[in-house]
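Just so it is clear, none of the values below were taken in a lab; they were calculated from the coordinates. If you're wondering where the values come from, they're calculated on a predicted model, not measured in any experiment. Every residue, glycine as well, gets a Cβ built from its backbone with ideal geometry; the counts of neighbours run over all protein chains shown.
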Amino acid sequence: MIVRPKPGVLALFFVMRGSVVPRILPHILGFAAYAAIIVGVVHITRLDMSGFSIAPFGLLGVALSIYMGFRNNAAYDRWWEARKLWGQLVYEIRNLARATNGLIEDPAERRALLMESLAFCHFLRGQLRKVDVVAEAGKFIGEEAHAVARALNGPDELVRRMGRRAAELRRNAAIDAIGYRIIDERLATIAAVQAGCERIKGTPLPFAYTLLLQRTAYIFCLLLPIGLVSSAGWSTPLFTALVAYTFFGLDALSEELEEPFGMEANDLALDAICRVCEISIFEALGEKAPPPLAPERYFYS
Amino acid sequence: MIVRPKPGVLALFFVMRGSVVPRILPHILGFAAYAAIIVGVVHITRLDMSGFSIAPFGLLGVALSIYMGFRNNAAYDRWWEARKLWGQLVYEIRNLARATNGLIEDPAERRALLMESLAFCHFLRGQLRKVDVVAEAGKFIGEEAHAVARALNGPDELVRRMGRRAAELRRNAAIDAIGYRIIDERLATIAAVQAGCERIKGTPLPFAYTLLLQRTAYIFCLLLPIGLVSSAGWSTPLFTALVAYTFFGLDALSEELEEPFGMEANDLALDAICRVCEISIFEALGEKAPPPLAPERYFYS
Amino acid sequence: MIVRPKPGVLALFFVMRGSVVPRILPHILGFAAYAAIIVGVVHITRLDMSGFSIAPFGLLGVALSIYMGFRNNAAYDRWWEARKLWGQLVYEIRNLARATNGLIEDPAERRALLMESLAFCHFLRGQLRKVDVVAEAGKFIGEEAHAVARALNGPDELVRRMGRRAAELRRNAAIDAIGYRIIDERLATIAAVQAGCERIKGTPLPFAYTLLLQRTAYIFCLLLPIGLVSSAGWSTPLFTALVAYTFFGLDALSEELEEPFGMEANDLALDAICRVCEISIFEALGEKAPPPLAPERYFYS
Amino acid sequence: MIVRPKPGVLALFFVMRGSVVPRILPHILGFAAYAAIIVGVVHITRLDMSGFSIAPFGLLGVALSIYMGFRNNAAYDRWWEARKLWGQLVYEIRNLARATNGLIEDPAERRALLMESLAFCHFLRGQLRKVDVVAEAGKFIGEEAHAVARALNGPDELVRRMGRRAAELRRNAAIDAIGYRIIDERLATIAAVQAGCERIKGTPLPFAYTLLLQRTAYIFCLLLPIGLVSSAGWSTPLFTALVAYTFFGLDALSEELEEPFGMEANDLALDAICRVCEISIFEALGEKAPPPLAPERYFYS
Amino acid sequence: MIVRPKPGVLALFFVMRGSVVPRILPHILGFAAYAAIIVGVVHITRLDMSGFSIAPFGLLGVALSIYMGFRNNAAYDRWWEARKLWGQLVYEIRNLARATNGLIEDPAERRALLMESLAFCHFLRGQLRKVDVVAEAGKFIGEEAHAVARALNGPDELVRRMGRRAAELRRNAAIDAIGYRIIDERLATIAAVQAGCERIKGTPLPFAYTLLLQRTAYIFCLLLPIGLVSSAGWSTPLFTALVAYTFFGLDALSEELEEPFGMEANDLALDAICRVCEISIFEALGEKAPPPLAPERYFYS
């Protein structure tokens, strides 16, 4: 995730970090070159292209803009819902820390439960980003991290472990029925956060959308120079490039936001959020908290 | 459901799996042929078509794009809400497994309840897809599956059975009031998931929308060549085909998403989600869990 | 509500059931005739209409399309929210049946409570559709239906009766505090469903919207032939009719969806949903359930 | 709030009650006159205006339509959320009446609590509409209404009084812990309704929106006749008036809906909703309920 | 936040407070001057610019309008969600005051808890606006404010302190399990409000959006005069300025709303909301409440 002050006018055009330009530059240049060839061929062969006007493109362009706007909207909603889920995780972790303070008398038991919740955050991050987090989770739950990693679904296993711990406490009458219910509600919400993330991770936007939109955008940009050449002449490549930049830029951005758990420039800063959870837990335990993660050139991983 | 990496530029045009092209190809070719005939007739008869311009189509095209965009939005919302409901089912099943660990002392009772919850997933899938799931549900609840299948509403019957089991436990003082309440809340949410799925399954988008949009799109594409012929000449069939592709492509996609519980390429992967539930339950019981479902050529059923 | 398979291409143009065409046909024909008269007058008097172009209509047409799209969206949201409320009613009725199984020992008391919940469904339907449901509700609560019907707000009276029954059970210690709370929560949600339906029924979209949009649409269609005649000539009536069809078709549809509790073709199938509730209750009681309602020519009332 | 059957075609143009036309008529006529002057000046001075075309207006018009559509959307959302909050108030009042039936044995205490809830509705209405409601609230809580009115925040004071009453009941062991919790939850939701209404009342749409949109609309309508005159000639004033009607009509409507608690034609019928609450409470107490409020010429205050 | 009556027609153009004009004036004037230079150069060199028409700009303009409308929508949603979170804080603070009245017998303990909740409001405001609030929070919790300020996350520390206080009360049997649960739920929601605000504060809209939109808008406005000059002549600078005003005005507004916790004219009035909380708490304690904050020239800080 990029957090930076608004760039000035000149800087605006040279910022590459976080921009989708590097990824779509081949498209932009490709369509510009293609348009230049079209103009050149028409110029040399003196073909009469006046039968091809830009009017039908207006029709298609509006439809394409509306549909790309829709896809963009849906992709952004996924990104923002993912961020909301992690925000919910933050306060559920905090709630767990606070509620257990009043409910669990044994500090060691409470600490163990909260360490498992931190390991949950890291295992969830690992599951979503497909990275190995055993080492990081091991800082909190030690050797148990290897056992958790062997489960088919690591984060789920951790919620179960927390649940077993709470059940054990109740069996020993260390917490009463209401106390068990409070902890169970927290764990239920944490499980909901996990399932929500799995849903976003596992269910991309319908593949047919991507196909339909990209195909239409390609055909549109391939035909556009033919429609523009008679009226726009040598500025045809410029306009074609601009239209390609707008359409494929939004397309690339939508694709990045659609999968919010990756490690690209516009993806969510899961590392930083995990650290926020750690700070809250360690402060709640009265232990020394690690410092917040610092960005690297405006970028939070 | 299709999950696959982004196809390359060339592949983009040859991907058929998950695309709506095969379904709407007759429309596209039909309108192209029809447009070619119009152009031919005009060419041969030397009719003066300059009275027919493309301007009025802009007016209609914008309105049509906005309304199709709306319908598409509504269809996608249904699809995504259906996915959310199944995601909710996943974590409610997990919550049931975790909560009963602390609440129900008798392992056999707990296991029976959880097996009924898995049978519920399959019966719900069966109800939504109109397929027979007695065999699959029988793996979890044995012969009882036949009795459940005889109820007018199978999944509802299973929630009642789980409810009766919980009531029995309470009568025997095996769980206390708060414990009963926790299980009852889980069952209430599972019933809400079922009713939500039934709502989406049983209430299509208002039929008049489909009629209004498809009729307007047909008439639009039928008149378009007449409006295009004077300015676009022999490229008329190409543009007509492109417009037909855009409109009927989105129309076909909306129709597919509108009914998210089918077995088409862009429908939800209910089989895979049922398996996710099975994995969580068997891992929670400490039994061997089945492996996740693998896609078949990028497709999850 | 209409539930039917997608009609074929030819059938598409002849389906009348569920279509808004019959209702707006006078408008379409009227505007076509009016446009024909304009063309005729211009043709006869040889007026020079070239000063009137279609360009300003584009401006207005986009604005009108966006605003009609908005109204349509709002109307659809009302329709879908109404359906969600009734879906919620379905599972709350089921939850009541399941929860009372564990909570109320006396089968007669439980049955009486559930019969009142079915009567509630019918009285709510009666209130929303302004029809007399005493006979139908009487099947469940007998003569009491007349007493309920005398209250200013029948469904509200039934929720109160269920509440009094639960209070009585608690006073007799037939249910404990948690049990009372579970039933009270169900009744609270049922009351929320009723208030939600009353809100949709009693608060139409702001009247000024309808006025603003319909007036603009009328003036637009009245001026359109004047703007079209110089460029479109004798095809003017065709385009005017098509634009009128699109605008007034969406307008009529929005009006139908805005009031989702009526008995028109695209309104909600309240009868069928009441039957779904009956099936769940009777199956839960172990009694013979009535069959689901069958559609009449694709139509569920 | 206006509730009336759809007016016929002719009536449509003469309905003034609920329409925004009276308010924006000066704008419409002003711009029409201004356009007529422009046309006259151009006609007399024979200025060549062909350099000014309508094309750039299309660009601006689309942007303006989209942004006005957005503002309209936001204003409608506020209006509908406000209505939802009052709908929630209705069922929370009903829930309070029902739940207290089972919880509070002393009829006088219960009646006093419910009367305070009715006074709450009126004080909230008074706070939102800035009207004096001491007399009306006094019908339910007598002289106490004056004391409540002296608090800085009257409705908040009433929720506190209800809370103190519940706390008193609990101290006297007249209700148990669960009973206290049920009443407290009701009061918490009532407080949420109040805070929601205060939010809508106290936080208008960002002022900069109104400025940006109205300024653009003014400049647009001021320049439009200059762009239209060469192509539309003497019909310029008509089009200018129509565009002004569409833009300023939606603007006026958005402004009215933005503040849903006023007493204008399209504002919410708070008086009628308060009466709905009174009916439910008095029916629940077994006392004679007042009749529903009747509209005055389709208008509910 | 600006709250003021609608300005009159003339005033409309001279209101600067709350307007985004001062901020974007350099852009508007810059593009106007640039357009004038283009026109001048074309005029002097008699370049034939008829090859450059405005048609391609329509295509781009629609796409740009839709995407800017989307960004604006997302920014407004953030602003409104932030306002909702603070509205939720208001009623949770009130709920805490009311619920503790019945739950905590010791007035000093209750007062201390409520003072901590007020300090929470101020510390949250301080965290979001990056201002020092130790002095203001000190009015409620005295010297403790310094200790809180030393925590890495001040508001979180305050919720923990409130939680510890509730846990202490429970240990001393001053509140029972249900009472603890009620207070814990309030604190959980307050923690959710904090995490929601941190989410909005810490996660700006994806940086690539701003880049994509601003770049496209810049290029659009740079090319626009070239496209307009042949048809619009000397009115080119006027139109360019108007288009720049519309695009960059919305852009600036979106940027302001995107960060709703700042102290600019259209940001949220956190000071005023904190005061609303103080009034409710002090009235609930029966102490003298401070007066509501008065606006300064229509502006609430």
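Quick notes on this structure:
- Cα-centred dipole magnitude for region E:145-230, charges only on beta-carbon of K, R (+1) and D, E (-1), debye, nearest 20: 200 debye
- By the equivalent-ellipsoid construction on the alpha carbon gyration tensor, chain E comes out with semi-axes of 54, 19, 14 Å, ordered largest to smallest.
- Taken along its principal axes, the alpha carbon cloud of region B:109-238 reaches lengths of 85, 32, 23 Å, longest axis first.
- The mean number of Cβ atoms from other chains found within 10 Å of a Cβ in peptide C:227-237 is 3, as a whole number.
- Other protein chain Cβ atoms within 10 Å, averaged over every residue that makes up A:164-174: 2
- Across B:Lys201/D:Lys201; E:Lys130/E:Lys288; D:Lys84/E:Lys201; B:Lys130/C:Lys130; A:Lys84/B:Lys130; E:Lys84/E:Lys139, pairs whose alpha-carbon gap is larger than 32 Å: B:Lys201/D:Lys201; B:Lys130/C:Lys130; A:Lys84/B:Lys130
- If only the Cβ of Lys and Arg carry +1 and only the Cβ of Asp and Glu carry -1, the dipole of region A:17-284 around its Cα centre is close to 180 debye.
- When Rg and the Kirkwood Rh are both derived from Cα coordinates, the Rg/Rh ratio for region D:1-159 amounts to 1.25.
- Where Rh is the Kirkwood radius over Cα pairs, Rg/Rh for the protein assembly as shown: 0.96
- Amide H contacts for B:Ile175 (H built 1.01 Å from N in the peptide plane; partners 5 or more residues away or on another chain; cut-off under 5 Å): B:Arg170.
- Shape call, region B:71-176: gyration tensor on alpha carbons, a/c limit 1.5: oblate
- Sequence of C:Val15, B:Val90, E:Val159 once ranked by neighbouring C-beta atoms within 10 Å, starting from the fewest: C:Val15, B:Val90, E:Val159
- Region A:26-88, dipole about Cα centre (Lys/Arg Cβ +1, Asp/Glu Cβ -1), debye to the nearest 20: 200 debye
- Mean separation of Cα contacts under 8 Å (6+ apart) over length of region C:181-301, as relative contact order %: 17 percent
- Per-residue ³J(HN,Hα) for region C:164-181, Karplus 6.51 cos²θ - 1.76 cosθ + 1.60, θ = phi - 60°, Hz, x for Gly and Pro: 5, 4, 5, 4, 4, 4, 5, 4, 7, 6, 6, 10, 8, 4, 5, x, 4, 5
- Amide H contacts for E:Val20 (H built 1.01 Å from N in the peptide plane; partners 5 or more residues away or on another chain; cut-off under 5 Å): none found.
- Mean Cα-pair separation over length for region B:121-161, i.e. relative contact order, pairs under 8 Å, 6 or more apart, %: 36 percent
- Candidates per trypsin sites (Lys or Arg not before Pro) in region C:116-197, loop by DSSP, up to 11 other Cβ within 10 Å: C:Lys130
- 3J(HN,Hα) from dihedral phi, region B:237-251, Karplus parametrisation 6.51/-1.76/1.60, rounded to Hz, x for glycine, proline: x, 4, 5, 4, 5, 5, 5, 4, 4, 5, 5, 6, x, 5, 4
- Shape category assigned to region B:200-301 from the gyration tensor of Cα positions, a/c cut at 1.5: oblate
- Our summary gives region C:26-284 a relative contact order of 39 percent, counting only alpha carbon pairs under 8 angstrom and 6 or more residues apart.
- 10 Å Cβ neighbours from other chains, averaged over peptide C:260-272: 1
- For B:Gly262, distant residues with modelled amide H under 5 Å away: B:Leu268
- At most 15 other Cβ within 10 Å, DSSP loop - GluC sites (Glu not before Pro), region E:128-214: E:Glu143
- 3J(HN,Hα) couplings calculated from phi for region B:26-39 with the Karplus curve 6.51 cos²θ - 1.76 cosθ + 1.60 (θ = phi - 60°) are, in sequence order, x, 4, 4, 5, x, 5, 5, 4, 4, 5, 4, 4, 4, 4 Hz; Gly and Pro show x.
- Here B:Leu285, E:Leu59 are placed in order of increasing Cβ neighbour count within 10 Å, fewest first, which gives B:Leu285, E:Leu59.
- Separation between Cα centres of region E:189-238 and region E:132-158, rounded to whole Å: 38 Å
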